[in-house]
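K.L.:
Let me give you the structure first, and then I'll get to my questions.
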């Protein structure tokens with residue numbers, strides 16, 4: 001398996017870990033009765049600041065992962081893998097791992113800078129797949 | 001670059017990245033850099049063009065979720081053809097038109113662009129079958 005695909009699998013596992021890290025406090029705070037219900041009333045505002053940050057960090061990774069998956073797909077299928085695209089993939093993963101504690105601890109401006117590193121690495125992969 | 005389906009998919013990824021930057025720029029104008037870099041514990045809703053770009057981004061992601069698997073399928077089956085190329089080109093063109101149509105609130109054009117992009121994606125699935 002190529003480096004890019006390995007990193008994509010690891011990024012998928014990161015998403016799973018973020019899911020668990022968000023769902024455990026969310027269930028403790030909102031109660032299983034609410035989380036098992038169809039959630040017709042929005043109670044996300046009742047989350048503690050930390051759980052809410054983990055929730056937003058998960059949503060953010062969802063968006064980043066969509067773009068990264070696209071980049072890995074075109075690099076892989078287009079046979080454009082190179083040391084540069086592999087390095088970009090690792091930068092993406094490192095940034096997304098660091099993003100979670102940066103968000104949880106409210107580290108400004110580090111969270112935004114870390115986000116930018118992951119975003120730029122993904123865009124670089126897309127451009128490398130095209131040229 | 002515009003003559004193979006995988007490159008069109010990569011270009012759509014770049015279009016998504018640009019949409020995200022436009023949305024972030026809109027949010028920057030409305031909320032300021034301080035809020036954007038903070039942990040955003042207090043929720044603020046975007047309004048006007050910034051909110052339109054948020055919705056346009058969400059819609060572009062939904063469109064991608066339908067478009068990308070079609071390209072994967074066609075690639076896996078070795079089923080790329082002049083027809084699939086044209087459908088993919090139409091998809092990308094429609095999704096490019098969609099963004100300013102949404103940002104500037106051009107009623108009719110946005111929905112038309114959405115519909116053209118949607119049917120171009122469906123056509124790719126039909127061609128894959």
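The values are calculated or read from the model by the stated rules, or taken from the named source; none is laboratory data. As the structure is a computational prediction, the values presented were derived from the model and not from experiment. Reconstructed Cβ throughout: ideal geometry from the backbone, glycine too, with neighbour counts over all protein chains shown.
K.L.:
Could you check region B:1-113 for helices (runs of 4 or more DSSP H) lying wholly inside it with 2 or more residues that are farther than 30 Å from residue A:53 by Cβ?
P.N.:
B:5-31, B:48-77, B:82-103
K.L.:
Name the residues in region A:108-131 that are assigned to a loop (DSSP other than H, G, I, E, B) and either in contact with a helix residue (DSSP H, G or I) (Cβ under 8 Å, 6 or more places away or on another chain) or more than 9 Å from every other protein chain (Cβ to nearest Cβ) (or both), would you?
P.N.:
A:108, A:109
K.L.:
Please indicate, with yes or no, whether at least one residue in region B:30-44 is closer than 30 Å to residue B:117 by Cα and within 12 Å of chain A (Cβ to nearest Cβ).
P.N.:
No: region B:30-44 contains no residue that is closer than 30 Å to residue B:117 by Cα and within 12 Å of chain A (Cβ to nearest Cβ).
Residue-by-condition table, conditions (1) modelled with pLDDT of 95 or more; (2) surrounded by 14 or more Cβ atoms within 10 Å (Cβ to Cβ); (3) in contact with a helix residue (DSSP H, G or I) (Cβ under 9 Å, 6 or more places away or on another chain); (4) more than 18 Å from residue B:18 (Cβ to Cβ):
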| site | (1), (2), (3), (4) |
| --- | --- |
| B:41 | no, no, yes, yes |
| B:47 | no, no, yes, yes |
| B:58 | yes, no, no, no |
| B:63 | yes, yes, yes, no |
| B:85 | yes, yes, yes, yes |
| B:91 | yes, yes, yes, no |
| B:103 | yes, yes, yes, no |
